[in-house]
Amino acid sequence: MKYNFKEIEKKWQDKWEEDGVFRAEETSDKPKFYGLVEFPYPSGAGMHVGHIKAYSGLEVVSRKRRMQGYNVLFPIGFDAFGLPAENYAIKTNQHPRVITDKNIQHFSEQLRRVGFSFDWSRVVDTTDENYYKWTQWIFLKLFDHGLAYRDKTFVNYCPSCKVVLSNEDSQGGKCDICHSDIIQKSKEVWYLRITEYADKLLDGLDQVDFPENIRAQEENWIGKSRGAFVNFKIDGTDEDLRIYTTRPDTLFGVTFMVIAPEHPLIDNNTDKITNMDAIRAYREECQKKSEFERVNMVKDKTGVKVEGLCAVNPVNGKKIPLFIADYVMMGYGTGAIMAVPGHDQRDYDFAKAFGLDIIEVIKGGDIEKEAYTGDGEMVNSDFLNGYDNKKDSIDRMIQYLEEKGIGEAGVQYKMKDWAFNRQRYWGEPIPIVHCPKCGMVGVPYEELPLRLPEVENFKPGEDGESPLAKIESFVNCKCPKCGGDAKRETDTMPQWAGSSWYFLRYTDPHNDKAFADPEKLKYWLPVDWYNGGMEHVTRHLIYSRFWHHFLYDIGAVPTYEPYAKRTAQGMVLGADGSKMSKSLGNVVDPLDVVEEFGADTLRTYVLFMGDYGASSPWNESSVRGCKRFLERILRLSENLGEKDDPGLESKLHKTIKKVTSDIEEMKFNTGIASMMALMNDFEAAGNVGKGQFMDFLKLLAPFAPHLAEEIWERLGGEGYISLAPWPEYDESKTIEATVEISVQVNGKPRDVLRIAVDADEAAASAAGLALSKVQKFVEGKRVVKTIYRAGKILNFVVK
RNA sequence: GCGGCCGUGACGGAAUUGGCAGACGUGCAGGAUUUAGGUUCCUGUGCCUUACAGCGUGUGGGUUCAAAUCCCACCGGCCGCACCA
């Protein structure tokens with residue numbers, strides 16, 4: 001019979017839907033499995049084959065777990081707030097709601113046609129007011145606990161999108177949405193105090209199963225360092241210049257100090273500084289430079305000496321010059337450093353450029369040539385002389401600083417507080433009222449959701465002002481506290497708000513009394529396995545862990561960490577090996593593949609194409625190869641024997657074992673390969689039993705479920721194969737009675753020997769020596785040693 | 001600079017407690033069936049060879065009976081962060 005995948009796929013998708021086959025059970029005695037994939041942003045472009053690969057991994061795991069008797073929650077939803085929909089709305093003069101609904105519908109249809117086993121009764125949409133009500137609720141909780149605040153500082157601003165971006169959203173100085181250059185702008189915006197959770201976010205990594213690269217990337221992003229704060233006196237003033245250093249051991253090597261161009265020390269001492277003109281000129285230069293040149297990472301050190309002020313090294317009373325330079329950032333530490341040119345390459349470069357002293361305080365390098373950043377014995381360092389810099393000197397120095405009251409141990413983080421705002425329409429309104437009398441007041445919880453008002457024009461204001469600011473009926477309100485006239489906050493939340501807690505909502509998506517029933521949270525959490533993209537590690541993943549830790553602290557969720565295990569899929573590249581993009585014209589539309597080859601082929605191919613965690617290029621011939629595999633299965637199903645072939649028994653059991661473990665390890669490619677190999681054996685044997693074949697079919701079911709259901713039904717299988725018990729393997733049957741082992745002479749393979757797995761050395765050795773190909777190399781020589789590993793190898797060492 | 005990782009046929013990729021390198025798929029070559037084939041089936045396919053042998057996992061060393069796998073040095077590539085004090 002012809003492989004009519006269109007008919008088969010439609011038929012089973014409809015049946016699954018009708019019977020609610022993939023609905024998670026509310027109460028169950030089964031063990032639970034919560035598998036989570038990153039819900040998509042429903043763009044106008046529709047789904048990408050990358051989405052298919054991203055979801056197929058846990059799709060297969062979830063299907064297998066169902067067959068293994070788990071109560072599985074495998075949900076899907078839509079992260080639908082965001083700029084693309086809004087920009088499209090502006091362009092086409094439609095409401096973002098209309099566009100978003102259309103896109104969600106389109107995405108849902110595509111996902112259904114691939115046959116994903118999502119529980120469609122639990123779909124969440126972050127733009128639904130019944131959902132964002134709770135996003136606002138969590139924000140208010142953060143606000144009530146002092147973790148949401150406003151501050152006027154320099155912010156990352158995208159002039160093209162006209163929005164303020166967080167550090168996470170402007171990595172590399174580029175806007176994450178449109179890739180324009182980011183500029184620094186002084187503006188008062190909302191922040192979430194994620195830095196308060198830096199240590200908890202680090203500690204939590206010890207409780208979860210994250211791969212090393214993800215863990216390292218998060219640690220790196222949080223960027224914790226240990227060191228000391230030291231106060232340097234500014235000569236002739238009563239001001240202290242406070243610095244942070246990770247190298248208090250080198251304090252005797254300080255020969256100058258550098259502060260960031262924006263450092264307030266300058267503005268506080270304009271009367272004493274004698275070269276303010278030069279300093280102002282340099283400050284301007286730096287502001288202009290930051291956009292273009294900082295991306296290119298200029299190595300040349302520039303700066304200006306601050307004339308009229310000088311600093312005093314607190315450990316030896318030496319007067320040292322002070323500079324402003326843009327290699328020191330206002331945003332890290334205290335915006336000021338002690339410069340140790342002998343042992344820091346940047347300070348060294350600066351010292352060379354400005355002709356400053358370089359003192360060696362650690363032996364081991366040649367400071368005539370370059371800074372020595374290694375470890376060694378202290379010199380020129382008074383009470384530290386002779387000690388090891390690392391082992392003893394850091395602690396001794398910190399102790400000294402603390403005793404004298406001139407400094408103390410401290411830690412710093414690279415991570416900054418989360419700039420939490422967008423000056424746009426299509427986002428959750430921030431539920432805060434600005435009252436002239438009471439200050440910032442949260443919208444009362446019972447008044448949530450604070451709905452997005454209808455507006456005529458979604459365009460943002462020229463100076464980064466939200467479109468909501470123009471809606472007087474929205475802006476003007478009464479203060480919830482005092483009842484007086486007040487104004488609403490008009491910024492909306494960033495894209496990442498809704499996704500920071502969506503996995504909680506899936507446990508109880510229709511609850512209108514709470515974001516989820518505590519009992520249901522207790523049952524389903526933590527997410528057992530979360531798969532998503534590497535690009536979200538320093539954004540969504542860290543943000544949602546932060547929210548979850550906070551919710552845990554206020555008793556709103558039962559687990560400290562939200563995700564027990566995290567994995568990441570690799571990208572699907574274009575056939576030319578480059579990233580799929582419209583401009584390169586190498587984009588593959590998953591629906592085209594479904595039309596031409598079928599959903600089962602697509603699903604099998606995206607998992608077969610390579611290592612799941614790695615990127616690999618699309619290859620249509622290989623897609624065809626996967627389809628051939630499925631066709632062969634269908635053909636063989638029409639030609640089965642009633643009795644099982646005993647010769648295939650061990651091959652079948654080996655394959656069951658392999659596929660069972662490969663799915664858990666996300667080694668889908670080798671799992672599929674082993675099923676292909678079994679099919680080859682089946683065809684070669686020619687008399688596969690129906691029972692054997694049906695076991696094989698169950699292995700196939702998570703990958704190609706439509707075809708598996710169809711054949712299952714034709715063969716008289718009971719119920720849905722999707723819910724049939726996963727085949728068990730018998731360990732004893734995976735071991736064949738005889739094996740082929742390599743027979744080597746001096747480590748070189750010379751022949752193979754079929755022998756009983758448990759043959760002893762004497763028997764193996766005798767049989768091995770009898771082989772003519774082995775004889776040839778042993779003849780006339782003396783066997784000095786025989787190495788035999790049962791079932792693996794036989795090696796004769798001869799002389 | 002810091003952190004994570006990789007280097008295997010024409011291609012995607014297997015093989016990692018060290019034990020027959022190249023599973024599986026693609027591609028290619030030859031053959032069969034077919035009016036025809038982006039069908040199906042069979043055979044072959046790391047390199048050099050008629051064969052035997054020899055050589056082969058980025059390069060050079062090392063450990064070992066045995067190395068794609070472990071160690072050292074180097075070369076090349078990918079990803080993330082980055083003048084982070």
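Please grab the % of Cα pairs in the range A:181-251 that end up more than 19 Å from each other. The share of Cα pairs beyond 19 Å in the range A:181-251 comes to 64 percent. Once the Cα atoms of helix A:345-354 and of chain A are each reduced to a long axis, what angle between those two axes, in degrees from 0 to 90 to the nearest 10, is obtained? Helix A:345-354 and the main axis of chain A meet at about 40 degrees. Our analysis of the range A:466-598 gives Rg over Rh at 1.12, with the two radii drawn from alpha carbon positions and Rh computed by the Kirkwood formula.
Share of the range A:714-799's accessible area from carbon and sulfur, percent, 1.4 Å?
52 percent
Distance from the Cα centroid of the range A:600-636 to that of the range A:48-95 is 22 Å (rounded to whole angstrom).
Couplings 3J(HN,Hα) of the range A:597-613, computed from phi: 10, x, 5, 4, 5, 4, 4, 5, 5, 4, 8, 8, 4, x, 4, 4, x Hz, in residue order, whole Hz [Karplus 6.51 cos²θ - 1.76 cosθ + 1.60, θ = phi - 60°; x for Gly and Pro]. Scaled against 2.2 N^0.38 Å for its residue count N, the alpha carbon radius of gyration of the range A:237-374 is 1.03. Once R0 is set to 30 Å, what does the formula 1/(1 + (r/R0)^6) return for the Cβ-Cβ distance between A:ASP512 and A:ASP151, expressed as a FRET efficiency to the nearest 0.05? With a Förster radius of 30 Å, E is 0.30. Per residue, the range A:449-534 exposes an accessible area of 44 Å² to a 1.4 Å probe, with every protein chain left in place. Think of a 1.4 Å ball rolled over the protein heavy atoms: the range A:332-416 then has 51 Å² of accessible area per residue.
For the range A:341-447, what does the equivalent ellipsoid look like in terms of its semi-axes, each the square root of 5 times an eigenvalue of the Cα gyration tensor, given largest first in whole Å? Numbers along the way, then the final one.
On the way: eigenvalues 508, 86, 34 Å².
Over the Cα atoms of the range A:341-447, the semi-axes work out to 50, 21, 13 Å.
Taking the Cα centre of the range A:608-669 as reference, the dipole from Cβ charges on Lys and Arg (+1) and Asp and Glu (-1) amounts to some 180 debye. Label sites at A:ASP267 and A:CYS477, each approximated as a point 7 angstrom past Cα along Cα to Cβ, lie 3.2 nm apart. Residues in the range A:124-130 carry Karplus couplings, in order, of 10, 10, 5, 8, 6, 5, 6 Hz; the curve used is 6.51 cos²θ - 1.76 cosθ + 1.60 with θ = phi - 60°, and Gly or Pro positions show x. Ignoring lysines fewer than eight residues from A:LYS2 along the same chain, the ones with Cα atoms less than 17 angstrom from its Cα are A:LYS10, A:LYS11, A:LYS627. Please report the antiparallel percentage of DSSP beta bridges with both residues in chain A, rounded to the nearest 5. If we restrict to bridges inside chain A, about 75 percent are antiparallel.
A P(r) calculated from all alpha carbon pairs of chain A, with 20 Å bins opening at zero, reads 13, 35, 31, 18, 3, 0 percent.
The share of Cα pairs per 10 Å bin across the range A:1-76, counted from zero up to the longest distance, runs 16, 36, 37, 10, 0 percent. By the rule of a C-alpha distance below 21 Å, with chain neighbours fewer than 8 residues away ignored, the lysines paired with A:LYS91 are A:LYS102, A:LYS162, A:LYS459, A:LYS470, A:LYS582.
Remark on the range A:630-681: hydrodynamic radius 11.9 angstrom, per the Kirkwood mean of 1/r across alpha carbon pairs.
For the range A:88-139, with only Lys/Arg (+1) and Asp/Glu (-1) charged at the beta-carbon, what is the dipole magnitude about the Cα centre, in debye rounded to 20?
Details: 7 positive and 6 negative charges, 32 e Å.
In debye, rounded to 20, the range A:88-139 gives about 160.
Per atom type, the range A:1-97 shows carbon and sulfur on 49% of its accessible surface, probed at 1.4 Å. Relative to the dominant Cα principal axis of chain A, helix A:49-67 is inclined by about 60°.
Normalised by residue number, the volume inside the convex hull of the Cα atoms of the range A:720-799 is 105 Å³ per residue.
Highest mean first, what order results for A:539-547, A:610-618 on Cβ atoms within 10 Å?
Taking the mean over residues of other Cβ atoms within 10 Å, the ranking is A:539-547, A:610-618.
Here the scattering of the range A:604-722 is modelled by Debye summation over its C-alpha atoms, one equal scatterer each and no solvent; at q = 0.13, 0.21 Å⁻¹ the log10 of I(q)/I(0) is -0.49, -1.24. Of the three principal axes defined by the Cα atoms of the range A:676-753, the extents in descending order read 57, 24, 21 Å.
The translational diffusion coefficient of the range A:17-61, from Stokes-Einstein at 25 °C and 0.890 mPa s with a Kirkwood hydrodynamic radius over alpha carbon pairs, comes to 187 µm²/s.
How many Å² of accessible area per residue for the range A:555-710, probe 1.4 Å?
Numbers: 5850 Å² over 156 residues.
Result: 37 Å² of accessible area for each residue.
The Rg/Rh ratio for the range A:310-356, using Cα coordinates for both the radius of gyration and the Kirkwood hydrodynamic radius, is 0.96.
State the percentage of accessible surface on the range A:181-337 attributable to carbon and sulfur atoms; use a 1.4 Å probe and exclude ligands, DNA and RNA. Present the calculation step by step, with values, prior to reporting the outcome.
Numbers: 3390 of 7320 Å².
In the range A:181-337, the share of accessible area belonging to carbon and sulfur is 46 percent.
How many angstrom lie between the Cα centre of the range A:657-695 and the Cα centre of the range A:488-556? Cα centres, the range A:657-695 to the range A:488-556: 39 Å. Compared with the dominant principal axis of the Cα atoms in chain A, helix A:620-637 is inclined by about 40°. Mean separation of Cα pairs under 8 Å and 6 or more residues apart, divided by the residue count, gives the range A:233-376 a relative contact order of 33 percent. Full extension of the chain between A:LYS487 and A:GLU219 yields a length gain of 92.4 nm, computed as 0.36 nm times the residue separation minus the alpha carbon distance.
Couplings 3J(HN,Hα) for the range A:91-97, derived from phi with the Karplus relation 6.51 cos²θ - 1.76 cosθ + 1.60 (θ = phi - 60°), are 5, 9, 6, 10, 6, x, 4 Hz, where x marks Gly and Pro.
Calculated on C-alpha atoms, the gyration radius of the range A:655-799 divided by its Kirkwood radius gives an Rg/Rh of 1.17.
The values are calculated or read from the model by the stated rules, or taken from the named source; none is laboratory data. Just so you know, these numbers come straight off a predicted model, no measurement behind them. Here Cβ is always computed from backbone atoms with ideal geometry, including for glycine, and neighbour counts include all displayed protein chains. Surface accessibility is based on the protein's heavy atoms, side chains included, excluding ligands, DNA and RNA. Shrake-Rupley method; radii C 1.70, N 1.55, O 1.52, S 1.80 Å.
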